[in-house]
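The values are calculated or read from the model by the stated rules, or taken from the named source; none is laboratory data. As the structure is a prediction and not an experimental result, all values here were calculated from the model. Glycine also receives a Cβ, built like all others from the backbone with ideal geometry; neighbour counts cover every protein chain displayed. In case anyone asks, the SASA skips ligands and DNA or RNA and just uses the protein heavy atoms, side chains included. Shrake-Rupley method; radii C 1.70, N 1.55, O 1.52, S 1.80 Å.
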Amino acid sequence: MSNFDLKKAIASWKKSLWAEQGLEPGLIEELEANLLDRVDEYLEDGLEPKAAFEQAMEKSMPVNSREVANEFHKVQGQGNGKPPWQRNRYIWNRMPLHLKVAMRNLNKRKGYALLNIGGLAISLCVSVLIWIYVQDQSSYDQHYEDADRIYRVIYDVTLADERVPQADTGQPVGPALKANFPEVADYGRIRRIGASNTLETELFKLESTDIFVADTTFLNVFSVLFSDGDRETALDEPNTIVLSESLALMLFGETEVVGRTIRYSGVKPPMNMKITGVFPDLDLHTHLGFKALVSYSTYFEPSDLANWMRKSYTYIKLDENNNIGSVRAKIPGFKVKYLNPVFEPRGGEANLIFQPLTDIYLDKPYHGEPYPHGSQTDLKILTAIMAFLLAMSCINYINMATARSVDRALEVGIKKTMGSTRSTLMVQFITESVLMALFAGILAILLSVVILKPYGAITGLNLSFAEFFKANNLLVYGFLTLGVGLVSGLYPAIYLSAFKPGVVLKGKFATSRKGFLLRKGLILTQYAISCIFISGILVVASQTHYIKTKEVGFAKEGLIEVPIPDDISLNHNALPFMDQVRLMPGIRSAALGNQTLHEYRSAGALNLVYEQSGAVKAALSYVYVGQEYIKTIGAEIVEGRDFDPKFNNEYTFLINEKAVEKYGWDQFQQLKWPGWNGDENWKCVGVVSDFNLGESYNEREPMILIHSNYPNIDAKIYIGIANKDLTGTLADIQVVWDDKFPGHPFDYKFVEDQLKALYASDELFLDLILLLGVIILFVTVIGIVGMISFTTELRRKEIALRKVSGASVKAILGLLSRQFINLMILAALIGVPVSYWLSEQWLNNFAERIDFSYWTHLLALPLCLLLTALAVGYHSVKAARSNPVEALRAE
Amino acid sequence: MAYKTLVAASSKPLILSLLSHSKSYGYQIIKNVEVLSKGELSWTDAMLYPVLHRMEKDGLIQSEWVVLESGRKRKYYTITQLGREAQAETRSAWLNVNHALELLWNGSPQLELG
């Protein structure tokens, strides 16, 4: 006997139909009635219940319930597409709908969308441009093969208790490192020669400061490929030179010049040099931008190469294990063996520091760097600005999106009632923010194209459109755009999608205190960032102004420098030339000097004798200068006399006030110097006022000015012009020059211009900070404008009631602005200490710097106030002046 | 396939014609069609009910639930006026087709040849 339960089987079958989304209850009932009719008939025919049920099932529903549901969907003609249970549930499939809704929402609130998109576009555009700049600055020297295994050796020298780490090291350092340490695969030495060198062919004559001498192993370390010549042997012989392609083109009009001869003059007497190689111009991203390499043996005598005090930049390349730690660990032993015997007799010591090649450009410059450096601090500041800017834009979006919550609450309520899940709503809100970000991204690219040229002019980045549109940059655009879209959309999505339909649809919804506090917090953050930026701009601007206008201790205006021609037969004419110039009207004087005034000069150790206290080893910057030098440059003689031609100036020197102060030489007459060899008798004849060598923000060093009136090849003639008619005076000087140095151009430079060029990087930074600061403020104002427009909208009725009750426009203005002003004062309280700390960090880069002043930090407050007043003003006045009846009638 | 299409095309005229005689319910319709076609047309519920619902939606037939003595419920369908008109239309169309085929297969059709 079968124990089949027909009722249970039918109930179970029915249950399976209930699970089918497309089968309505009435339909299932009808199908059940039909099945029962069939079963009845089969039972009457004498079948067992189980067989009757199975047969009825087979006849009635030969297909599964899903197919029946599909058929019904077709019949009911609901939608032309697939039935809901067949639709794909992935986000992408719903995207078109989300995009449609997002577009509608953007369209509904055009002003709001434009503010957000505009602000975001500016932030994205500037961020990517900053990113490109930071990448550019960080990519120095990375193009060299095995760049990660190359290190520059720093000579960390301490002489007379003064520690002066130097970029160049003694000649034997490189060879000794290779000989002692198996980790060192090779070394290379290179030295920049002279401030000016002349290369001459029949076709062309040019002066270049980018000529270096390099030893035979230099090209083993640096992978400079040759386009012509043999790089293995190019620097082996004396009087050989390797040229860059552009230099070869300039000099010969072609680049296939190996084997030809060139006339060189500069630090060495004029000589012919054989060209042994040509290399393609170096990538501009290198700290060592040489244009020509002269062989080491041309410049150095064999005895020089054993001299630990004759210096060159020394680079080492490690073996494949690249274990710099192991090399560093052995340096104490190296120091005892090699460096102490050299430096201890001089009363000092030296150590070696290994600086990774790719870090050199952004590291703090050591003394004697061949070229100016970039600044890691500046890049960090710029990167921080980029992050701030993006954060500000996200904050703006979050603020405006959550402020619209009243607007969106009803929408969320209805959608939830109609069956939307929270996740669907979140996706919809995030789609809105991403869509907005995408619009902003496109606008940002267009904006970048427009400002690419001016931006290049400020930063020196000469980006072509092709370079700008390379995949890398576009990827960053895409990444930032999506990132900003997602980040800024996330909080509003969580916040808005959490509304309970029961509450919002009953009209009981009010902006939550939590949301209100969050928005206040975000605005506070924006204000604080703006305050920090305004203070930052003021600090950078003040410091830049300070160093540019700071007294350098000599009369830089009207002071010219002209190098003595490299023609030995005419050198002696320098003295009569100066004599004649001195007699001209409007001329302060003329003098010789071997040290350019715009270059820093590190201290050297001199053994001086002060009668009262005996011998002293003094760390002094030393310069060789000729007669009437002090008068010429417009410094002052504090005590004693200048190198006056009325006196015999042989074996005399001057010291400056800093030296007197540091070493207590109050009686300058008691100061003597036995010369470099210790067998001469030099006398101090006066004390000169302090003046700067190099940047005005460098500390003024104790200095000794040694008399030398010999017009050697390194010397320059300085002429101080006090006359207002500069052009006329220069023309007069030229006449004398042409007479004394026929065939040599009167190639003068204004010292003031040379000094100005030193501040170019500071000015660039100021320009950038200024530009970015203005943009940050703009983005903040956009945020505030957005917020105030929503606030006034929310408070329309309140304003109307207040007006009806007799409040004045002024009172209402106060009411609306108060919260922003309070926030701003709070922000200033937070921002000022932060900006103080940040600006101290930056200012510590300068030996001579502006002092802390409250006004630079507190001035940010009224500026922010003004901007807020402008942003708040319009909406407040509009709200305060509106007809209260209209607002009240809206209910 | 061709037969399947014919079955599908004939379902509407068959239902209308059956209901023009008297009201009926799903299983009865299936049984009657089976008998009339000598077992050739064996409709399933999955095929019938969507058609019935479509015709009801189009206003050709209407339905009502009837509670039987046994307590079971059954849904009866009746033809509407619109349904009768539709039935008349489909009838003449089917007759025309039937006449043409009848002549071609069994009679002496006057055909233009050559």
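Here are the numbers for the structure shown:
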quantity	calculated
Residue list for the stretch B:66-114, filter: surrounded by 10 or more Cβ atoms within 10 Å (Cβ to Cβ) and either touching a residue at least 60 places away in the same chain (Cβ under 8 Å) or among the aromatic types (Phe, Trp, Tyr) (or both)	B:Tyr76, B:Tyr77, B:Ile79, B:Gly83, B:Arg84, B:Ala86, B:Gln87, B:Thr90, B:Arg91, B:Trp94
Selection status of B:Lys23, at positive phi, charged (D, E, K, R) and surrounded by fewer than 20 Cβ atoms within 10 Å (Cβ to Cβ)	no
Selection within the stretch A:683-704 - open to solvent by 30 Å² or more (accessible area, probe 1.4 Å) and not in a loop (DSSP other than H, G, I, E, B)	A:Lys683
Any hit, the stretch B:12-31, residues being within 13 Å of chain A (Cβ to nearest Cβ) and more than 23 Å from A:Met57 (Cβ to Cβ)	yes
Residue, farthest from the other protein chains (Cβ to nearest Cβ), within the stretch A:6-18, restricted to residues that are farther than 19 Å from B:Val67 by Cβ and touching a residue at least 24 places away in the same chain (Cβ under 8 Å)	A:Ala9
B:Gly39 being out of contact with any Gly (no Cβ under 9 Å at 6 or more places or on another chain), over 27 Å from A:Leu17 (Cα atoms) and either among the hydrophobic types (A, V, I, L, M, F, W, C) or not in a strand (DSSP E or B) (or both)	yes
Failed item in (1) open to solvent by less than 10 Å² (accessible area, probe 1.4 Å); (2) touching a Ser or Thr at 6+ places or on another chain (Cβ under 8 Å); (3) among the small types (Gly, Ala, Ser), with A:Ser127 passing the rest	(2)
Restricting the stretch A:319-371 to residues that are charged (D, E, K, R) and within 24 Å of the chain's Cα centre (by Cα), the residue that is nearest to A:Ile193 (Cα to Cα)	A:Glu369
B:Asp45 within 13 Å of another protein chain (Cβ to nearest Cβ), charged (D, E, K, R), under 29 Å from A:Glu32 (Cβ atoms) and open to solvent by less than 40 Å² (accessible area, probe 1.4 Å)	yes
Among the candidates A:Asp141, A:Asp161, A:Asp156, residue that is of a type in the set (D, E, K, R) and modelled with pLDDT under 90	A:Asp161
Qualifying residue in the stretch A:857-867 (condition: more than 29 Å from A:Asp378 (Cβ to Cβ) and either touching a residue at least 24 places away in the same chain (Cβ under 8 Å) or surrounded by fewer than 20 Cβ atoms within 10 Å (Cβ to Cβ) (or both))	yes
Which numbered condition B:Val35 fails, given (1) buried (at least 18 other Cβ atoms within 10 Å of the Cβ); (2) within 14 Å of another protein chain (Cβ to nearest Cβ)	(1)
Count of residues meeting criterion [modelled with pLDDT under 80 and aliphatic (A, V, I, L, M)] in the stretch A:353-379	0
For A:Phe852: the one exception among (1) in a loop (DSSP other than H, G, I, E, B); (2) touching a residue at least 24 places away in the same chain (Cβ under 8 Å); (3) open to solvent by 30 Å² or more (accessible area, probe 1.4 Å); (4) not acidic (Asp, Glu)	(2)
Scan of the stretch A:606-631 for residues that are in a strand (DSSP E or B), over 38 Å from the mean Cα position of the chain (by Cα) and among the hydrophobic types (A, V, I, L, M, F, W, C), ordered by number	A:Leu606, A:Leu608, A:Val609, A:Ala615, A:Val616, A:Ala618, A:Val625
Qualifying positions in the stretch A:334-358 - assigned to a helix (DSSP H, G or I) and surrounded by 15 or more Cβ atoms within 10 Å (Cβ to Cβ)	A:Phe334, A:Lys335, A:Tyr338, A:Leu339, A:Val342, A:Phe343, A:Arg346, A:Leu357, A:Thr358
Selection within the stretch A:31-69 - part of a helix (DSSP H, G or I), within 13 Å of chain B (Cβ to nearest Cβ), of a type in the set (A, V, I, L, M, F, W, C) and open to solvent by 20 Å² or more (accessible area, probe 1.4 Å)	A:Leu36, A:Met57
Where A:Phe653 falls short, out of the listed (1) surrounded by fewer than 21 Cβ atoms within 10 Å (Cβ to Cβ); (2) free of Cβ contacts under 8 Å to residues at least 60 places away in the same chain; (3) not in a helix (DSSP H, G or I)	(1)
Near pairs, Cβ below 8 angstrom, 6+ apart or cross-chain, from the stretch A:93-120 (free of Cβ contacts under 8 Å to residues at least 40 places away in the same chain and at negative phi) to any residue that is surrounded by 11 or more Cβ atoms within 10 Å (Cβ to Cβ) and of a type in the set (A, V, I, L, M)	A:Asn107/A:Ala113
Residues located in the stretch A:631-645, provided they are in contact (Cβ under 8 Å) with a residue 60 or more places away in the chain and crowded, with 24+ Cβ neighbours inside 10 Å	A:Thr632, A:Ile633, A:Phe643
Elements of type helices (runs of 4 or more DSSP H) contained in the stretch A:376-492, each with 1 or more residues being more than 28 Å from A:Val774 (Cβ to Cβ) and open to solvent by less than 60 Å² (accessible area, probe 1.4 Å)	A:405-417, A:422-459
Residue that is farthest from A:Leu777 (Cα to Cα), among those in the stretch A:834-846 that are among the hydrophobic types (A, V, I, L, M, F, W, C) and surrounded by 12 or more Cβ atoms within 10 Å (Cβ to Cβ)	A:Phe846
Failed criterion for B:Lys57 (all others in (1) facing another protein chain (nearest Cβ under 9 Å); (2) open to solvent by 30 Å² or more (accessible area, probe 1.4 Å); (3) within 17 Å of A:Val39 (Cβ to Cβ) hold)	(3)
3 or more residues open to solvent by 50 Å² or more (accessible area, probe 1.4 Å), closer than 28 Å to A:Ile560 by Cβ and touching a residue at least 40 places away in the same chain (Cβ under 8 Å): qualifying helices (runs of 4 or more DSSP H) within the stretch A:738-825	A:751-758
Which numbered condition A:Thr286 misses (of (1) in a helix (DSSP H, G or I); (2) open to solvent by less than 50 Å² (accessible area, probe 1.4 Å))	(1)
Residue match in the stretch A:210-217 (condition: part of a helix (DSSP H, G or I), modelled with pLDDT of 90 or more and out of contact with any strand residue (DSSP E or B) (no Cβ under 6 Å at 6 or more places or on another chain))	no
Criterion violated by A:Glu661 - all others in (1) more than 30 Å from A:His572 (Cβ to Cβ); (2) buried (at least 16 other Cβ atoms within 10 Å of the Cβ); (3) of a type outside the set (Gly, Ala, Ser) satisfied	(2)
